[in-house]
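The values are calculated or read from the model by the stated rules, or taken from the named source; none is laboratory data. These figures come from a predicted structure and were not determined experimentally. Here the Cβ positions follow ideal geometry from the backbone for every residue, glycine too, while neighbour counts run over all protein chains shown. These area figures cover heavy atoms from the full protein model, side chains too; ligands, DNA and RNA do not enter into them. Shrake-Rupley method; radii C 1.70, N 1.55, O 1.52, S 1.80 Å.
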Amino acid sequence: MATFFGEVLSAYSRAVEEEEDDEDLEENEEDEQIRRELEEKREVHLHWSPEVSESLRSGNKLQCSDFVLAVGHNAARFLSVYVLTSANWDTVGHASVWNERSRAVTGQTNEESACVFYRHKDNPSVVICQVTCYIAEDQLFQWTEKVFDCLQHRELNVTVLSDSSVADYKTADYLCNSSAPFLRSLHTGTFSGQPVCQALEQPNIITGLPAAVLNHCQVHRISTVVYQCYSDVIGPDSVTMETYKPALTKLGKSIQVDCSPSTDILRKFVKTTDIQSNLYI
């Protein structure tokens, strides 16, 4: 639009501006809906057995004196080989997690789940959980809150077994390959026991689910110790698995560790990775 003096002024139509506002509002509503659907899809879901579900609905939490959490393939398969091979364990639940690296499968059975809960038949206060799936950062708090909300906290002792690469271990001294695998520990202020290995040195840290659990237990004053195993082998390895043995033998009668598992059982849990790791053969 030009004035009498030849100046050019910008002009706008109210109708056009209102139309643009409507388009922006529609886009914002659509983005918000997508965000809500994504949040719902990424929610952590716990699926318990009918007996446990009925107990939780009645307001009764799981009576648990020892909770053992294994995070990673070596930690989880250590429990499969050295502990869960006996017939003294019942599968009582599993968690389903969906994210960019871990897809929950519809119709999945408890055994196929990448996060399974077991309870001792003769001593129901002992609960084990194996986690081999990836849990994203925004799901760590969810998982921890939901699981520990199902457990009674009085006199609860938590032991976490966690896998880590020796490449992530920081030290001022030269680390010989022959020294791996090895354990390091971190514990909450309420942990009164004696760890089976030396403490994790600074500036090393723990991350992921073990860190989320340790932080939660520190806030809620739950006795907890994390044993992190640093290994130079990717995937399940019999030597790395065996490194965890002192951590559970410390629990005494709560969990019976099979110190000499059969070769067939050991081969069953290591065979899959051996086939997939033959890049240089």
- Task: Would you check if there is a residue in region 33-54 being assigned to a helix (DSSP H, G or I), under 29 Å from Thr224 (Cβ atoms), of a type in the set (S, T, N, Q) and touching a Leu at 6+ places or on another chain (Cβ under 9 Å)?
- Result: no
- Message: For the condition within 11 Å of the chain's Cα centre (by Cα), modelled with pLDDT of 90 or more and open to solvent by 30 Å² or more (accessible area, probe 1.4 Å), what is the one hit in Glu155, Glu137?
- Response: Glu137
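Within region 98-120, track down each residue that is at pLDDT 90 or above and closer than 14 Å to Cys133 by Cα.
Step one: filter region 98-120 for residues at pLDDT 90 or above, giving 115-120.
Listed by number, the residues that qualify are Cys115, Val116, Phe117.
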- Query: Can you find even one residue in region 169-185 that is farther than 26 Å from Val126 by Cβ, part of a strand (DSSP E or B) and open to solvent by 30 Å² or more (accessible area, probe 1.4 Å)?
  - Reply: no
- Item | Qualifying residues in region 198-224 (those that are crowded, with 16+ Cβ neighbours inside 10 Å and part of a loop (DSSP other than H, G, I, E, B)) - the one nearest to the chain's Cα centre (by Cα) | Ile206
- Do any residues in region 40-53 that are touching a residue at least 24 places away in the same chain (Cβ under 8 Å) have Cβ atoms under 8 Å from those of residues that are open to solvent by less than 80 Å² (accessible area, probe 1.4 Å) and among the basic types (Lys, Arg), where the two are at least six apart or on different chains, and which pairs are they? Val44/Lys146; Leu46/Lys146
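Sort through Phe182, Phe141 and tell me the only one that's touching a Cys at 6+ places or on another chain (Cβ under 8 Å) and either closer than 26 Å to Ser192 by Cα or of a type in the set (A, V, I, L, M) (or both). Give the derivation first.
On the way: Phe141 fails: touching a Cys at 6+ places or on another chain (Cβ under 8 Å).
The unique qualifying residue is Phe182.
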